[in-house]
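Peer 1: Before we start, here is the structure in question, set down as structure tokens.
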Ligand code: UD1
């Protein structure tokens, strides 16, 4: 039962509510480690990455309670337990615990983190930044130990923008002695959410949403309650589904202010978007006879996490197009699977060239989270029945993709 069976060729019609953001929840849950007392996190999505993060927090001695999408974390009694290596192994965000744990306990040993197979995803910059902040790190092939008697603020001049490094540096800096400057800082909405949560808890952070963050360390943080914003990538995925299968869908709570680049490209590629007070109404599939080009980048540019769903839109468009991937070096893993469904795509270096084609049903394999969701979308628009295997990758980031797409009128089931 680790697959989805999709009956293609049906126009969409319906509405769904967009879940809380995965990429905001994970660092915010890690941030609760910095705070003695009980934090309440609302709208935390029920996805396997959050489950693994909560499991990691429990294994560290935190008391975790969950009532639907409300999560309470009490970190008063942190223990010295090892983190479960199966959770660290599957989820790259476990690296997020490093800065926060160092601030609380002064010493952390952990295995190298996992995550989606979308490139080498090294952690060199994470470790380099921590070293600058007074952390001594010893590494071997499988794990590393980091230790700091006292965390010290530092000027972090990073060679390029990284979401995870920015988040880890923030988490390390909020309780460090003195001032930390992060430049260039990532500007993703999820970083802004992390800063907002920490500010609610008493942290001193300036420049949130800009490419330069200044953090003045404080002596302690206080329990806070915070609501996770809606997931811009999940909203973009269901928007893409409507563009591929056609029809009209309402995406309640879609975080439109954080989706500008995606919505702009969607309209250029033939979607109609009506903005309403509580969401967006998307009308799909009026493909324009132009050749589309797309390049991924750091926020506010077009997100790499939306690249695979837009590849499917391009494959189904009248003229095809090309996509340049500038963030991860190995993010075209769905290309052979899409070709099995009849797509005509070739990859040269970091650019995929997509010809217009008709898709047909096939058995295809998800190899990572967003690529897996994109295969389900392709199957909605394909003629005949498809099976997407390795559903567990999709479950890392989507609460219930089968239910949500059924709410949007699609025909699919667990298999
Ligand atoms: C985060 C998101 C992910 C998104 C990505 C880019 C989470 C949980 N994940 O991933 O969904 O696709 O941002 O928007 O929020 N790099 C190094 N050395 C390092 C760290 C990163 O070379 O120490 C490289 C990576 O290999 C990659 C680039 O930096 O090529 C950007 O990665 P980064 O922004 O760090 O992505 P993540 O935080 O892993």
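Every number here is computed from the coordinates shown, using simple stated rules; none is lab data. Every value quoted in this text rests on a predicted model; they were computed, and no experiment measured them. Because the Cβ atoms are built from the backbone with ideal geometry, glycine has one as well, and the counts that use them run over all protein chains shown.
Peer 1: If you rank 402, 136, 249 by fewest surrounding Cβ atoms within 10 Å, what's the result?
Peer 2: Sorted ascending by nearby Cβ count, the order is 136, 402, 249.
Peer 1: For a quick check, take a GNM of the chain with Cα springs below 10 Å and name the residue from 239, 380, 156 with the largest mean-square fluctuation.
Peer 2: Top of the fluctuation ranking is 156.
Peer 1: Once both axes come from the Cα atoms, what is the angle between helix 189-200 and the longest principal axis of the chain, in degrees from 0 to 90, rounded to 10?
Peer 2: Relative to the chain, helix 189-200 is tipped by roughly 30 degrees.
Peer 1: Expressed as a rounded percentage, what relative contact order does the range 22-227 have, with Cα pairs under 8 Å and six or more residues apart?
Peer 2: 21
Peer 1: Let me ask you something else. From Cα pairs below 8 angstrom and at least 6 apart in sequence, can you work out the relative contact order of the chain, rounded to a whole percent? Before the final figure, lay out the partial values.
Peer 2: Numbers: 1002 pairs, mean separation 87.1, N = 415.
The value is 21 percent.
Peer 1: Can you give the FRET efficiency to the nearest 0.05 for residue 2 and residue 42, using r as the Cβ-Cβ distance and R₀ = 30 Å? Present the calculation step by step, with values, prior to reporting the outcome.
Peer 2: Working: r = 30 Å, r/R0 = 1.01.
It comes out at approximately 0.50.
Peer 1: What is the fewest-to-most order of 38, 296 by other Cβ atoms lying within 10 Å of their Cβ?
Peer 2: Values: 38 17, 296 21.
Starting with the residue having the fewest Cβ neighbours, the order is 38, 296.
Peer 1: Here's something else I'd like to know. Once the piece of chain linking residue 406 and residue 17 is laid out straight, how much longer is it, given 0.36 nm per residue of separation minus the C-alpha distance between them?
Peer 2: 138.8 nm
Peer 1: So what is the calculated 222 nm ellipticity per residue for the chain, using -39500 (n - 2.57) for each DSSP H run with n of 4 or more, over all residues, to the nearest 500 deg cm²/dmol?
Peer 2: For the chain, the value works out to -9500 deg cm²/dmol.
Peer 1: As I understand it, the value is the acute angle between the Cα axis of helix 22-31 and the longest principal axis of the Cα atoms of the chain; what does it come to in degrees, rounded to 10?
Peer 2: Helix 22-31 sits roughly 10 degrees off the main axis of the chain.
Peer 1: Please provide three numbers in whole Å: the alpha-carbon extents of the chain along the principal axes, with the largest listed first.
Peer 2: 61, 43, 40
Peer 1: Could you state the angle between the C-alpha long axis of helix 307-316 and the longest principal axis of the C-alpha atoms of the chain, as a value from 0 to 90 degrees rounded to the nearest 10?
Peer 2: Between helix and principal axis, roughly 10 degrees.
Peer 1: Share of Cα-Cα pairs in the range 22-227 beyond 25 Å, in percent?
Peer 2: 29
Peer 1: Same structure, new question: Rounded to the nearest 0.05, what FRET efficiency is calculated for residue 177 and residue 200 with R0 set to 30 Å and r the Cβ-Cβ distance? Spell out each step's value before the answer.
Peer 2: Values: r = 22 Å, r/R0 = 0.75.
Between residue 177 and residue 200 the formula returns 0.85.
Peer 1: Next question. Please give, to one decimal in nm, the separation of the simple spin-label points placed at residue 414 and residue 107, each 7 Å out from Cα toward the Cβ.
Peer 2: 4.4
Peer 1: Tell me, in nm to one decimal, what length is gained between residue 330 and residue 272 on full extension, where the rule is 0.36 nm per residue of separation less the Cα-Cα distance?
Peer 2: That pair, residue 330 and residue 272, stretches by 17.7 nm at full extension.
Peer 1: Could you identify which residue out of 241, 154, 31 has the top mean-square fluctuation in a GNM of the chain using Cα springs shorter than 10 Å?
Peer 2: Of 241, 154, 31, the Gaussian network model singles out 154 as fluctuating most.
Peer 1: Could you give the nm distance between label points at residue 227 and residue 392, where each point is 7 Å from its Cα heading toward the beta carbon?
Peer 2: Inter-label distance under the simple model: 3.5 nm.
Peer 1: Something else about it: Only counting other Cβ atoms within 10 Å, I'd like 127, 33 sorted with the fewest neighbours first.
Peer 2: Going from sparsest to densest Cβ surroundings: 127, 33.
Peer 1: Cut-off 10 angstrom, C-alpha nodes, Gaussian network model of the chain. Which of 159, 309, 336 fluctuates the most?
Peer 2: Fluctuation is largest for 159.
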